Amino acid sequence: MPSPTHLRQSQSFSAVRLSATALFAIALILLIPAGAEAQMHGQGAGAGMHGHGADGTGHDEVVMPGLRGRNATAAESAELAVMFRNFETISREVTNLGDGIRTVTRSSDQDVMDILTSHVVGMIGRVDAGDDPEIFIQSPTLDIFFERGDQIDTSIDVTDEGIIVVQTSTDPELVEALQLHAAEVTAMADRGMQAVHEMMMSRPVN
């Protein structure tokens, strides 16, 4: 039985979801901008790719194919696209606790903040359910969360300061993974897709 996620809110989460849904159409445009049309018509599957190939796992900064996933919804991939394209508006503070982490994440753009809140709540819900979205560029650090999500206690507080997440565990391996992933997310908030590229290049080749 997954441990419950505690959600305290200073604003209506249903309103956040509504705003996020309204932004989905914008996000789809961001996922397939004008330059991608030529790429899909007559130039071959690999045209314009910047890096890891045309198998859907690349870090191409035009169409961002790596934001799709074997078990991810189109809306989830679209949320990721909005956050990566607007990473410069996002800032984070991370405190490593003895048994986990406390993070405060915010965006200076309210539309991006709504998407960010929807993403955080949605992904933590997936961890609670053991439901891995299998995003192509996803860090392997996340694997243990989906395997042992019932051993993570999470609280989420949406405030004027930002979205505050506290995650703790009595499992030392989970604590280590929580702290490592928090650092990875901070790197993505600081450098966007470039940070993803750096992390993928540093992974051992099987």
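Between Thr141, Thr186, Thr105, Thr154, which is hydroxyl-bearing (Ser, Thr, Tyr), more than 23 Å from Arg70 (Cα to Cα), in a helix (DSSP H, G or I) and touching a residue at least 24 places away in the same chain (Cβ under 8 Å)? Give the steps one after another, and end with the answer.
On the way: Thr141 fails: more than 23 Å from Arg70 (Cα to Cα); Thr105 fails: in a helix (DSSP H, G or I); Thr154 fails: in a helix (DSSP H, G or I).
One residue alone meets the criteria, Thr186.
Residue-by-condition table, conditions (1) at pLDDT below 95; (2) surrounded by fewer than 19 Cβ atoms within 10 Å (Cβ to Cβ); (3) at positive phi:
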{"position": "Ile137", "(1), (2), (3)": "yes, no, no"}
{"position": "Pro140", "(1), (2), (3)": "yes, yes, no"}
{"position": "Phe145", "(1), (2), (3)": "no, no, no"}
{"position": "Arg148", "(1), (2), (3)": "no, yes, no"}
{"position": "Ser155", "(1), (2), (3)": "no, yes, no"}
{"position": "Asp160", "(1), (2), (3)": "yes, yes, no"}
{"position": "Ile164", "(1), (2), (3)": "no, yes, no"}
{"position": "Gln167", "(1), (2), (3)": "no, no, no"}
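I need the full set of residues from the range 166-177 which are in contact (Cβ under 8 Å) with a residue 60 or more places away in the chain and either under 14 Å from the mean Cα position of the chain (by Cα) or in a loop (DSSP other than H, G, I, E, B) (or both), in order please.
Those that are in contact (Cβ under 8 Å) with a residue 60 or more places away in the chain and either under 14 Å from the mean Cα position of the chain (by Cα) or in a loop (DSSP other than H, G, I, E, B) (or both): Ser169, Thr170.
Suppose the filter is free of Cβ contacts under 8 Å to residues at least 12 places away in the same chain and closer than 20 Å to Asn86 by Cα; does Glu161 pass it?
It is false that Glu161 is free of Cβ contacts under 8 Å to residues at least 12 places away in the same chain and closer than 20 Å to Asn86 by Cα.
Identify all residues within the range 188-198 that are surrounded by fewer than 16 Cβ atoms within 10 Å (Cβ to Cβ) and within 16 Å of the chain's Cα centre (by Cα); write none if there are none. Steps first, answer last, please.
First pass over the range 188-198, keeping only residues surrounded by fewer than 16 Cβ atoms within 10 Å (Cβ to Cβ): 190-191, 194, 198.
Correct list: Asp190, Arg191, Gln194.
When both residues are 6+ apart or on different chains and their Cβ atoms are under 8 Å apart, which pairs have a first residue that lies in the range 116-136 and is within 21 Å of Thr89 (Cα to Cα), and a second that is among the acidic types (Asp, Glu) and crowded, with 18+ Cβ neighbours inside 10 Å?
Ser118/Glu79; His119/Glu76; His119/Glu79; Gly122/Glu76; Gly122/Glu79
Kindly evaluate Asp131 against the criterion of being surrounded by fewer than 18 Cβ atoms within 10 Å (Cβ to Cβ) and at pLDDT 95 or above. Let's see the steps before the verdict.
Values: surrounded by fewer than 18 Cβ atoms within 10 Å (Cβ to Cβ): yes; at pLDDT 95 or above: no.
Answer is no for this residue.
Could you grab the pairs with beta carbons closer than 6 Å, sequence gap of 6+ or different chains, first residue in the range 56-81 and farther than 14 Å from Arg126 by Cα and part of a loop (DSSP other than H, G, I, E, B), second one of a type in the set (Val, Ile, Thr) and modelled with pLDDT of 55 or more?
Cβ pairs passing all conditions: His59/Val196.
The values are calculated or read from the model by the stated rules, or taken from the named source; none is laboratory data. Note that this is a predicted model, so its numbers are computed, not measured. A quick note on method: Cβ atoms are made from the backbone with ideal geometry, for glycine too, and the neighbour counts reach across all protein chains shown.
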